[in-house]
1. Take the residues of region 29-54 that are of a type in the set (Ser, Thr, Tyr) and assigned to a helix (DSSP H, G or I): which is nearest to ASP91 (Cα to Cα)?
2. Take PRO10 and tell me if it is open to solvent by 30 Å² or more (accessible area, probe 1.4 Å) and modelled with pLDDT of 90 or more.
3. Return a yes/no flag: does region 43-65 have any residue that is over 20 Å from VAL107 (Cβ atoms), at pLDDT below 90 and surrounded by fewer than 10 Cβ atoms within 10 Å (Cβ to Cβ).
4. Being farther than 13 Å from GLY99 by Cα and either modelled with pLDDT of 90 or more or open to solvent by 60 Å² or more (accessible area, probe 1.4 Å) (or both) is the filter here; which residues of region 68-87 pass it?
5. Here are some conditions: (1) modelled with pLDDT under 80; (2) open to solvent by 30 Å² or more (accessible area, probe 1.4 Å); (3) not acidic (Asp, Glu). GLY104 meets all but one. Which one does it not meet?
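The values are calculated or read from the model by the stated rules, or taken from the named source; none is laboratory data. Please read these numbers as outputs of a predicted model, since none were measured by experiment. Positions of Cβ are backbone-derived with ideal geometry, glycine not excepted, and every protein chain shown enters the neighbour counts. Surface accessibility is based on the protein's heavy atoms, side chains included, excluding ligands, DNA and RNA. Shrake-Rupley method; radii C 1.70, N 1.55, O 1.52, S 1.80 Å.
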Amino acid sequence: MKRVIAIIAPFALALPIVGCAAPATRISTGLQRYGLDASRADCVGTRLQANLSLGQLQRLGKAATAYRRDDTTPGVLTPSDLIRVAGEVKDPAIALEVGKAAAGCGVLP
C-alpha cells in the first residue's frame, strides 16, 4: 500500500499546478481560439503578463468576455477589437499595454 501511495503522490501534487495556468498562457490560448497564430499570441500574452497586474488582467478578461458576448463574429478577433476592448476598461495603463503588445508582437497591420 505504501508503494502505491508513493507512486501516486507526485501526480496528485501536480494536478493543482496544471489547473493554474499562468496568465500569459491563458491569454495566448484565448487569442489562438480567435485565430491569432501561436507565436504572436504567446508574445502578446507574455508582454501583458509582464506589464499588467493580476487585477488589471482580470479586468481586461472580464471586458473581453462582455465584448464577445454581443459580437456578430464571435470566432474572429481583429486588432481593432483587441484595442477597443482595452479602451473599455477605465484604466489607461491597460489600453497602453495592450496597444504596445499588439504593435510589438506584429498583431497590428
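1. This residue is THR46.
2. On the way: open to solvent by 30 Å² or more (accessible area, probe 1.4 Å): yes; modelled with pLDDT of 90 or more: no.
So PRO10 fails the test.
3. Checked against the condition, which is being over 20 Å from VAL107 (Cβ atoms), at pLDDT below 90 and surrounded by fewer than 10 Cβ atoms within 10 Å (Cβ to Cβ), region 43-65 yields no hits at all.
4. ARG69, ASP70, THR72, THR73, PRO74, VAL76
5. With respect to (1) modelled with pLDDT under 80; (2) open to solvent by 30 Å² or more (accessible area, probe 1.4 Å); (3) not acidic (Asp, Glu), GLY104 is out only on (1).
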